[in-house]
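The values are calculated or read from the model by the stated rules, or taken from the named source; none is laboratory data. Quantities reported herein were computed from a predicted structural model and do not represent experimental measurements. Note: ideal-geometry Cβ built from the backbone for every residue, glycine included; neighbour counts use all protein chains shown. The accessibility values were calculated without ligands, DNA or RNA, using every heavy atom of the protein model including side chains. Shrake-Rupley method; radii C 1.70, N 1.55, O 1.52, S 1.80 Å.
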Amino acid sequence: MKTQVTKEDKKLILTREFDAPPELMFKVWSDCKHLKHWWGPKEWPMKECEMDFREGGEWHYCLRGPKQEDVSWGLAKYKSITKPKKILYMDYFSDEDRNINQEMPGMEILVEFKPHNGKTLQVNTTTFSSNEERDKIHDMGVAQGMESSSLRLDEYLKEVQ
Amino acid sequence: MPADQLSSTFHALADPTRRAILSSLTTGEKTVSDLAEPFDMSMPAITKHLKVLEKAKLIERSKQAQYRPCRLHPEPLKDIDEWMEQYRKFFEASFNRLDDYLKEIQTKKEE
């Protein structure tokens, strides 16, 4: 079954059924040993992972892409954990020393595991906060009188799809 | 989904120098040497960063002028929808792998 996508305001909701019980789903989200096998696109696998899985604890990870300079550090902070039902955390861009990148928006990610016909319905809700820096970049671009972006945006969309 | 496209914006923004370059361009067009000034970096190193930003379509460089000044092209970051799209792809790629991984570990357990 493929992922069902719902977008609303600042939320991205991804629902997908997995052929595993909620207990196992919870486990594969809460241990580096498991996450190393699946977190990140195949071409950007997670190469480093440190996790303190408890409320207030952190998950620090590094994804590496095809080129040597393709390195992306992420830092998650767990806000609430209910075994085996849900995990709520904040996800930030970071560096290898766990400094949060203030210029990029943080995301709140809620992962819920719902029993469903002997399988699990995983509901992943990502809430995007607005970001001043990003908005500023955008506003300045508009203020500089850039030409209509619709054509470029079309091209860009074609490219990313 | 081609990995290159998935990761071009993501990759371009992952580096602190490149983010600083983008911030600095919010105040207007700049030449490569203007951009290099606040960093303790060689021109070729800065140029390399600019190429990544250009490839991700986050900046544009003038073709005519001798110094090829850079300016911001923020459309890829324009609205939250674009941003969400990057995340949707990231998660979907991960979930496809998770699906395979779950099959793998559950088969092992049964054996």
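Quick notes on this structure:
- Filter result for the condition that a residue is under 19 Å from residue A:20 (Cβ atoms) and acidic (Asp, Glu), over A:108, A:96, A:112, A:69: A:112
- Residue satisfying all of: in the stretch A:59-75; among the charged types (D, E, K, R) and out of contact with any strand residue (DSSP E or B) (no Cβ under 9 Å at 6 or more places or on another chain); most open to solvent (accessible area, probe 1.4 Å) among these: A:67
- Verdict on residue B:1 being at pLDDT below 85 and in a loop (DSSP other than H, G, I, E, B): yes
- Residues within the stretch A:63-101 that are in a loop (DSSP other than H, G, I, E, B) and more than 17 Å from residue B:11 (Cα to Cα), tallied: 6
- Pair list, Cβ under 8 Å, 6 or more apart: the stretch B:90-109 residue within 11 Å of residue A:42 (Cα to Cα) and of a type in the set (A, V, I, L, M, F, W, C), other residue in a helix (DSSP H, G or I) and open to solvent by 10 Å² or more (accessible area, probe 1.4 Å): B:90/B:6; B:90/B:10; B:93/B:6
- Every residue from the stretch A:49-68 that is more than 16 Å from residue A:91 (Cβ to Cβ) and away from chain B (no Cβ under 13 Å): A:54
- Filtering the stretch A:8-58 to residues that are assigned to a loop (DSSP other than H, G, I, E, B), open to solvent by 70 Å² or more (accessible area, probe 1.4 Å) and under 21 Å from residue A:82 (Cβ atoms) leaves A:54, A:55.
- With respect to the conditions (1) modelled with pLDDT under 85; (2) open to solvent by less than 70 Å² (accessible area, probe 1.4 Å), residue A:121 falls short on a single one, namely (1).
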